[in-house]
Amino acid sequence: MLRRIALSLLGTAACLATLPPAPAGAQSWKEQVPAFRYGIIGGENEADRLTNYACFQEKLSQRLGIPVELYPASDYAGVMQGLIAGTLDAGLLGASGYAGIYLEDPQAVEPLFTQEQTDGSTGYYSVLLVRADSPYQKLEDLQGKTLAFADPNSTSGYLYPSVELKLQGYDPASFFGSTGFAGGHEQGVIALLDGQYDAAVTWTSGVGEYAQGYTSGNLRKMVDKGALDMSDVRILWKSNLIPNGPEVVRQALPAELKAEYKEFLRELPKSDPDCFYKTQGGDFTGFVEVDQGFYGDVIKVRQEQMASRRS
């Protein structure tokens with residue numbers, strides 16, 4: 001399974017061929033890591049993801065002095081398994097994705113940073129949308145209707161809405177007529193707009209102007225590229241605050257490389273604000289350092305959900 005995922009990721013790699021010569025003192029770790037492999041989780045189409053990360057790829061390659069290869073996986077699991085197997089070196093994960101890796105192998109990756117919202121918070125929200133021209137005005141109106149989740153490993157696109165809705169008396173397994181996975185956040189909203197589902201869940205900062213899709217999140221990204229007009233959707237439900245996902249790096253990498261990569265990320269919001277905006281999915285004030293403890297509650301929720309499925 002891991003081999004198939006790794007091979008599929010390799011098939012979509014995009015890398016820089018020409019790099020400046022590396023300092024002699026850096027050769028030791030560069031012999032161990034001839035290329036830095038960054039995984040991009042699913043959620044929007046591959047072409048858009050590669051376009052958004054082109055600046056990141058170029059700047060990081062120049063910084064490290066080795067090729068940086070981008071691996072846009074078709075789903076969240078592709079990046080998660082790539083990091084566990086060691087076929088990927090770093091990536092931006094959702095909180096649930098990180099929790100899933102941690103529960104399978106606590107030594108696989110370490111979280112470095114997460115985003116700080118423009119209001120100073122380090123979280124975001126899951127929201128449930130319906131079409132604005134639909135008759136649904138409140139959550140109760142969706143009983144027996146269809147709901148699109150984003151991805152089984154998405155925090156806001158599955159884990160939190162499935163848990164919180166159940167606690168509030170709207171167990172997705174019985175309240176809705178049927179549920180399904182759209183394959184990502186953008187795909188879920190598009191499926192809603194196309195009439196394939198009555199409702200869909202996605203992620204948003206919940207901060208800023210509604211008409212702009214707020215300051216960050218899937219809604220903002222879709223508005224930015226003209227794929228969504230916020231007047232076409234209506235929000236019927238919002239989750240509690242969810243911890244922003246982490247930029248992670250594989251623990252087994254050489255310490256010098258990890259330190260250099262961490263410093264690159266720390267500087268990115270100021271060294272290239274536009275690149276930071278594109279790769280992080282909207283407007284943030286910058287990065288803040290996080291560790292495993294920041295995701296303790298998410299790890300617990302995911303662990304409980306896994307145990308519930310087994311029982």
**Item:** Flag if PHE276 is part of a helix (DSSP H, G or I) and either of a type in the set (Lys, Arg) or not assigned by TED's automatic domain parsing to the domain that holds GLN143 (or both)
**Value:** yes
Boolean, SER205 is outside the structural domain of ASP48 (by TED's automatic domain parsing) and crowded, with 23+ Cβ neighbours inside 10 Å: yes
* Qualifying residue in region 100-114 (condition: in contact with a strand residue (DSSP E or B) (Cβ under 6 Å, 6 or more places away or on another chain), closer than 30 Å to PRO269 by Cα and in a loop (DSSP other than H, G, I, E, B)) -> no
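Rundown of residues vs (1) surrounded by 22 or more Cβ atoms within 10 Å (Cβ to Cβ); (2) within 23 Å of the chain's Cα centre (by Cα), yes/no style:
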site	(1), (2)
TYR136	no, no
LEU147	yes, yes
TYR158	yes, yes
PRO161	yes, yes
LEU167	no, no
ALA182	yes, yes
ILE190	no, yes
The residue that is surrounded by the most Cβ atoms within 10 Å (Cβ to Cβ), considering only those in region 28-53 that are modelled with pLDDT under 90 and of a type in the set (S, T, N, Q), is ASN45
The residue from ASP89, ASP133, ASP141, ASP105 that alone is within 23 Å of ALA173 (Cα to Cα), modelled with pLDDT of 95 or more and not hydrophobic (A, V, I, L, M, F, W, C) is ASP141
**Prompt:** Just to be sure, is TYR76 within 19 Å of LEU265 (Cβ to Cβ) and under 14 Å from the mean Cα position of the chain (by Cα)?
**Reply:** no
Practice item. For region 35-46, indicate whether the set of residues that are touching a Pro at 6+ places or on another chain (Cβ under 6 Å) and over 15 Å from ALA252 (Cα atoms) is non-empty. Key: yes
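The values are calculated or read from the model by the stated rules, or taken from the named source; none is laboratory data. Worth saying up front: this structure is predicted, and the values here are computed from it rather than measured. All Cβ positions, glycine included, derive from the backbone under ideal geometry; neighbour counts span all protein chains shown.
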